[in-house]
Amino acid sequence: MGKIIVLIGAPGAGKGTQARLLEERRGIPQISTGDMFREMKNADTPLAREVQAIMAEGKLVSDELTFQVVKDRTSREEKSYVLDGFPRTAIQAEMLEILAAEQNKKIQAIEVDIPSAELVKRLTGRRSCATCGEIYNIYLKPPKKDNVCDFHPETQLTHRADDNKQIVVTRLATYQIQTEPLLSYYERTGRLKKVSGEGDLESIYWEINKLI
Ligand code: AMP
């Protein structure tokens, strides 16, 4: 048993940061489709190349492939887990209903809400450590020393290829058109809670923590 906690929010809303905190502090695994696709795209296979091309444009990977990846990854989770970045389309949400029934788990959706004006800055300023995955922002949460991880001073921070301004605009539009409608779906079915994604990481974490 357990729950499937679905974090929904625009790219840059802070889903990944919060999911990582839930994993570190409460031991609830973070399952991020974006991270899984980023790992996959390093492989040199036709499928990996296809995923790479889609991500580079800021578009969505097919529902079928995405679902397959989620199904495989979640099949070993007996307890609750957090989905970060899935579902992103109405079809994925339907697929998740079937998966939840198979796994005998309830779905709880949490919206991380942030004004869209804030998002471009968050995304273009985002940097991460390739060693530990820690996420920084050069405007909002800079590392102690320029461009290196606080915990891994030997590691230069990386900037995600799809966090450049032009692709960010596509990703935000994709979110509004394909993913935002899921909020009313979860609301109608009585499974939506909402937190503000503005403010400091700790207060947002405690808000989310209370809801789970
Ligand atoms: P993220 O790290 O969540 O911003 O995801 C990065 C990219 O991975 C997205 O822009 C998509 O190309 C792809 N991706 C992640 N999750 C999904 C999903 N649920 N459905 C389709 N594509 C996805």
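Results for (1) modelled with pLDDT under 95; (2) out of contact with any helix residue (DSSP H, G or I) (no Cβ under 7 Å at 6 or more places or on another chain); (3) among the aliphatic types (A, V, I, L, M), shown as yes or no for each residue.
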residue	(1), (2), (3)
ASP162	yes, no, no
GLN166	yes, yes, no
GLN176	no, yes, no
PRO181	no, no, no
TYR186	no, yes, no
ARG191	no, yes, no
SER203	no, yes, no
TRP206	no, yes, no
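Scanning region 33-63 for residues that are more than 7 Å from the ligand (Cβ to nearest atom) and β-branched (Val, Ile, Thr) returns THR45, VAL51. Taking the criterion of being of a type in the set (Phe, Trp, Tyr) and either surrounded by 15 or more Cβ atoms within 10 Å (Cβ to Cβ) or in contact with a Leu (Cβ under 8 Å, 6 or more places away or on another chain) (or both), the only residue of region 130-143 that qualifies is TYR136. Among the residues of region 69-124, those that are without any contact (Cβ under 8 Å) to a residue 40 or more places away in the chain, hydrophobic (A, V, I, L, M, F, W, C) and away from the ligand (no atom under 15 Å from the Cβ) comprise ILE98, ALA101, ALA117. Report yes if ARG127 is out of contact with any helix residue (DSSP H, G or I) (no Cβ under 8 Å at 6 or more places or on another chain), more than 19 Å from ASP113 (Cα to Cα), surrounded by 13 or more Cβ atoms within 10 Å (Cβ to Cβ) and not hydroxyl-bearing (Ser, Thr, Tyr), otherwise no. Against the criterion (out of contact with any helix residue (DSSP H, G or I) (no Cβ under 8 Å at 6 or more places or on another chain), more than 19 Å from ASP113 (Cα to Cα), surrounded by 13 or more Cβ atoms within 10 Å (Cβ to Cβ) and not hydroxyl-bearing (Ser, Thr, Tyr)), ARG127 qualifies.
In this entry, THR66 passes the filter for residues that are of a type in the set (Ser, Thr, Tyr) and near the ligand (Cβ under 10 Å from one of its atoms).
The values are calculated or read from the model by the stated rules, or taken from the named source; none is laboratory data. All of these numbers come straight from a predicted model, not from anything done at the bench. Note: ideal-geometry Cβ built from the backbone for every residue, glycine included; neighbour counts use all protein chains shown.
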